[in-house]
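First up is the structure itself, then whatever we jot down about it.
The values are calculated or read from the model by the stated rules, or taken from the named source; none is laboratory data. These figures come from a predicted structure and were not determined experimentally. Quick reminder, even Gly has a Cβ in these numbers, built from the backbone with ideal geometry, and neighbours come from all protein chains shown. Ligands, DNA and RNA are stripped out before the accessible areas are found, and what is left, the full protein with its side chains, is counted by its heavy atoms. Shrake-Rupley method; radii C 1.70, N 1.55, O 1.52, S 1.80 Å.
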Amino acid sequence: MYGRRACQLVKELSSAEKGQLTGFNSDMFDQVVKECSTHYLELQSLMRKIQEEGMDIQTTRNADHFGMVIHHLSLMRNKRCLMAYVYNRAEIIRNLRWKIGPVLPQEIHEKLSYSEEEYFKNHSTALESYMSELELDLTVDMVPPKDPYIQVRVLDDIGEVLLSDQSANLARHSMHFLKRIDAEQFISQGLMEELTG
């Protein structure tokens, strides 16, 4: 049945948890692209057949015309499904840059295709360039903070680091009162946690 694989690709995307990536289904994606090529070749063949019989493609209403319509609509549907798959994955990948930072964890990296890896790198580079021009880190504080300082507990030994207003030894299980802007990068990497209360 025409379009079944493309529909499965979109269903796979929609069944995933919101904002989470599943592995790029390159086999199914390639099958849908191959089906698109087949529809295109069939469409071209039917158009040539109608022209060779001396009929007008715009006004002819025979079996070949309706075959062309079926192949054209199937081709368009497959293309829309492929675009939805790629666009939604790209949107998730773009959001990962804002949430996680410029380095993706291995378990996410394994789910990307080569093109998606390149897309992430290019998006990250463009964002870094823009932020360096502004001299402002836009990835910190996606929601405006109530207090610029937070209390944190270090989860993993980080060592001696130079922060924006001080240097600190961030040893495992130590607690610190840091500027939110300094702590955010370590919190997002899972190296420390914010203490609330």
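Summary table
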item	result
Flag if L82 is within 30 Å of A183 (Cβ to Cβ) and either in contact with a strand residue (DSSP E or B) (Cβ under 6 Å, 6 or more places away or on another chain) or aliphatic (A, V, I, L, M) (or both)	no
Selected residue (only one of M175, M192 is closer than 19 Å to P102 by Cα and in contact with a Leu (Cβ under 9 Å, 6 or more places away or on another chain))	M192
Test: N122 is modelled with pLDDT under 95 and either of a type in the set (A, V, I, L, M) or open to solvent by 70 Å² or more (accessible area, probe 1.4 Å) (or both)	no
Selected residue [touching a helix residue (DSSP H, G or I) at 6+ places or on another chain (Cβ under 7 Å), assigned to a loop (DSSP other than H, G, I, E, B) and either more than 30 Å from N95 (Cα to Cα) or among the aliphatic types (A, V, I, L, M) (or both)] from Y2, Y40	Y2
D137 vs. criteria among the acidic types (D, E), exposed (fewer than 14 other Cβ atoms within 10 Å of the Cβ) and more than 25 Å from the chain's Cα centre (by Cα)	no
Subset of the range 9-66 that is of a type in the set (S, T, Y), open to solvent by less than 80 Å² (accessible area, probe 1.4 Å) and closer than 28 Å to Q106 by Cβ - its residue that is modelled with the highest pLDDT	S26
Sole residue being hydrophobic (A, V, I, L, M, F, W, C), modelled with pLDDT under 90 and in contact with a helix residue (DSSP H, G or I) (Cβ under 8 Å, 6 or more places away or on another chain), chosen from L138, L170	L138
